[in-house]
1. Can you list residues from other chains, or at least 5 along the same chain, whose modelled amide H is less than 5 Å from the amide H of THR59?
2. Using 0.36 nm per residue, how much length does the chain from HIS70 to ASP262 gain when fully extended, once their Cα-Cα distance is taken away?
3. Can you give me the P(r) profile for the stretch 120-251? Cα pairs, bins 5 angstrom wide beginning at 0, each as a whole percent.
4. Taking H placed 1.01 Å from N in the peptide plane, check which residues at least 5 places from VAL94 or on another chain put their amide H under 5 Å from its amide H.
5. Need the full-extension length gain, LYS156 to GLN124, defined as separation in residues times 0.36 nm minus the C-alpha distance. One decimal, nm.
6. Would you mind classifying the stretch 183-309 by shape? Square roots of the alpha carbon gyration tensor eigenvalues, ordered a ≥ b ≥ c; an a/c under 1.5 is rounded, otherwise it is prolate if a/b is larger than b/c and oblate if not.
7. Each label point is 7 Å from the Cα along the Cα-to-Cβ direction; what then is the distance between the points at GLU289 and ASP195, in nm?
8. Check THR157: other-chain or 5+ apart residues with amide H under 5 Å from its amide H, H built from backbone geometry?
Amino acid sequence: MIGYYVHHQGRGHLHRALAIAAHIRGPVTVLSSLLRPTSWTRPWIVLPADSVDAPTDPTAGGRLHWVPLHHAGHRERMGIIAEWIRREEPRLFVSDVSVEAATLARLMGTPVVVAAMRGDRRDQAHRLAYDLADALLAPWPQSCPEPGWPPHWQAKTLHTGSISRYDGRPRPAPGSRCDASGREVVVMLGGGGTDLSSAQLREAARATPGWTWTLLGGPGADWIEDPWPVLCRADVVVTHAGQNAIAECAAARVPTIVIPQDRPHGEQHATGRALRRAELATVRDAWPEPHEWPGLLTEAAARQDRWELWSLGDGAQQAACLLTGLALRTPGRLACAPR
C-alpha cells in the first residue's frame with residue numbers, strides 16, 4: 001500500500017498524482033481535501049479543511065509551515081492521516097506537498113517521498129521535510145537543476161522531467177477556429193489563483209488585432225476541465241510558471257510566454273529563470289504593457305521548439321518506478337535513471 005497526500009491548492013498536485021498512480025500496479029490511497037475525481041476508482045480519504053483567518057502560532061516558531069494551535073480542523077486532519085497509517089501500515093507515504101504530512105508519516109515509521117518544488121527551500125520547515133525524505137521527486141530535467149541544493153538532497157533526487165496528464169496523448173486533428181483569418185493566443189491561468197485583471201486582458205487583445213484571444217481560467221472565464229484541444233490548436237500560449245501549467249504546455253509542444261506569479265519561496269520565478277536559461281520559452285517577469293504584445297507574440301511564435309528537453313514523455317512512469325521500488329523495498333531506483 002502506498003499513501004499519497006495531495007495538496008488542495010490549484011489542480012497541479014492532483015493531476016500529477018493521478019498521472020503517476022496510473023502507472024502503479026499495487027494499491028494506492030489518496031488523502032486530500034479535494035473531492036475524489038469520478039475517474040479515480042481506488043480508495044480516497046477526504047481530509048477536513050484546516051484554514052483559519054487568525055491562526056495562533058501556525059509555524060511553531062518557524063519550524064513548520066501550518067500547525068495552528070487549538071484548531072479542530074487541523075487536529076482532525078492530522079488524526080485521520082495518523083489513524084490511516086496505523087490501520088493500513090503503508091509501505092510508503094508520498095507528500096505532494098505538505099511538510100507536516102511528510103513529518104507525521106516519518107514519525108510513525110513510514111518511509112517518505114516528497115515532491116520537490118523550485119525556489120528557495122532553505123527555510124527550516126522545508127529542510128526538515130527534504131532531509132527526512134527517503135527520496136525527492138523533482139518534476140524537471142536534471143539538465144535544468146535548481147541552484148543551491150545541498151549534495152545530500154541531490155543524491156536522493158529523481159529528476160523525471162515534467163509530469164503531465166497529457167504525456168503520450170495524440171494531438172487532435174486540426175479544426176476550425178473562431179477567427180480563421182488570424183492567429184490564436186490562449187491564456188491559461190488555471191485554478192491556483194491569479195492577480196491578472198480583466199482590464200489587462202482587454203488591453204492586450206485590443207493591441208493585437210491580428211490575434212484571437214481565448215481565456216482558460218481566470219477573470220470572466222469558465223473552467224475547462226480538459227484544455228488539451230485548445231492548447232494544441234494555439235499559435236502561442238500565455239501562462240504562469242506553475243509546474244503543472246508548464247508541463248501541459250511542454251506536452252503540447254506549443255510556443256509559450258511564461259509570466260511567473262508571486263508564490264511562496266519564489267517558486268514560479270525560479271521556474272521562469274530555469275526556462276529562460278534553457279531557452280525553452282519566452283519569459284517576462286511581469287505582465288507586459290499593451291504596446292509590447294504585438295512584438296512579444298511574434299517573437300514567441302517564431303521560437304524554435306525545444307520542449308523535448310523539459311518534457312521527456314515518461315515522467316509519470318519514472319516516478320511510479322521509483323515509488324514501486326521503494327514500496328517493495330527493491331532497488332527499483334537503479335532502473336529509474338535521472339533525466
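Since every read-out is calculated from the coordinates, none of them should be taken as a lab result. Please read all numbers here as calculations on a predicted model, not as lab measurements. Cβ placement follows ideal geometry from the backbone for every residue including glycine, while neighbour counts extend to all protein chains displayed.
1. Amide H to amide H, under 5 Å and 5 or more residues apart or across chains, THR59 pairs with VAL67.
2. Details: separation 192, 0.36 × 192 = 69.12 nm, distance 3.02 nm.
Between HIS70 and ASP262, full extension yields an extra 66.1 nm.
3. The distribution over the stretch 120-251 is 2, 9, 15, 17, 15, 13, 10, 9, 6, 4, 1, 0, given as percents.
4. Long-range HN contacts for VAL94: GLY3, TYR4, TYR5, VAL113.
5. Values: separation 32, 0.36 × 32 = 11.52 nm, distance 1.89 nm.
Length gained, LYS156 through GLN124: 9.6 nm.
6. On the way: a/c = 1.22, a/b = 1.12, b/c = 1.09.
Rounded, since a/c falls under 1.5.
7. Placing both labels 7 Å along Cα→Cβ, they lie 1.9 nm apart.
8. Here LEU136 satisfy the definition.
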